[in-house]
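J.: The following block contains the structure, expressed as structure tokens.
Read-outs throughout are calculated quantities, based only on the coordinates presented, and are distinct from any laboratory measurement. Only a predicted model underlies this, so the values are computations on that prediction, with no experimental measurement involved. For neighbour counting, all protein chains shown are included, and Cβ atoms are generated from backbone atoms with ideal geometry for every residue, glycine included.
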Amino acid sequence: MPAMHLSLQILPRVPEDRLYPTVDKVIDMIRASGLPFMVGPMETTIEGEMDQLFELVKEAHRICLAEGASRIGAVIKTDMKPAGLSFDEKIGKYRDK
């Protein structure tokens with residue numbers, strides 16, 4: 001299956017002092033996947049195949065639960081086209097060369 005994009009905003013209900021450390025663990029998991037990704041101030045966007053991306057979403061929830069979240073919200077956005085997508089196609093002209 002061709003590459004697509006998935007943006008994930010994970011919102012674990014944890015004590016305030018645990019919020020960033022919990023989100024950092026999710027980002028570390030995404031980094032460890034080896035897939036291209038970009039962290040933004042509100043969400044992380046990942047490039048990969050559909051099954052890979054949704055497995056990361058499930059693992060993000062597992063991480064939040066393991067960190068003691070009493071509830072987890074998530075905002076998930078996807079972009080897909082049959083020929084596939086790349087970060088460079090979308091934002092290459094905005095990157096520093």
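J.: Short version: ³J(HN,Hα) in whole Hz for each residue of segment 45-57, in order, from phi by Karplus 6.51 cos²θ - 1.76 cosθ + 1.60 (θ = phi - 60°), x for Gly and Pro, what are they?
T.: Taking θ as phi minus 60°, the curve returns 10, 10, 10, x, 7, 3, 4, 4, 5, 6, 5, 5, 4 Hz for segment 45-57.
J.: Using 0.36 nm per residue, how much length does the chain from residue 93 to residue 29 gain when fully extended, once their Cα-Cα distance is taken away?
T.: That works out to 20.2 nm of additional length.
J.: Here is a follow-up. Below 8 Å, C-alpha to C-alpha, sequence gap of six or more: please give me the relative contact order for the chain in percent.
T.: 48
J.: Go from 0 up to the bin containing the longest alpha carbon distance in the chain, width 10 Å each, and give me the % of pairs per bin.
T.: 15, 47, 27, 10, 0
J.: Run the quick spin-label model on residue 70 and residue 20: label points 7 Å from Cα toward the beta carbon, then report their separation in nm to one decimal.
T.: 2.3
J.: Measure nothing fancy, just the Cα-based angle from helix 16-32's long axis to the longest principal axis of the chain, in degrees from 0 to 90, nearest 10.
T.: 40
J.: If you project the alpha carbons of segment 51-97 onto the principal axes, what extent comes out on each, in Å, largest first?
T.: Ordered largest first, segment 51-97 gives principal extents of 42, 28, 15 Å.
J.: While we're on this one: Using the Cα centre of segment 1-89 as the reference point, and only Cβ charges (+1 on K/R, -1 on D/E), how large is the resulting charge dipole? Debye, rounded to the nearest 20.
T.: In debye, rounded to 20, segment 1-89 gives about 340.
J.: What residue among 35, 60, 48 has its Cα farthest toward the positive end of the dipole of segment 32-84, where the charges are +1 on Lys, Arg and -1 on Asp, Glu, each on the Cβ?
T.: Of 35, 60, 48, it is 60.
J.: Which value in deg cm²/dmol, rounded to the nearest 500, describes the helix-derived mean residue ellipticity at 222 nm for the chain, given -39,500 (n - 2.57) per DSSP H run of n ≥ 4 and division by the residue count?
T.: Dividing the helical sum by the residues of the chain leaves -12500 deg cm²/dmol.
J.: Related question: Which loop-located trypsin sites (Lys or Arg not before Pro) does segment 35-84 contain, where loop means any DSSP state but H, G, I, E or B and the Cβ has at most 13 other Cβ atoms within 10 Å?
T.: 71
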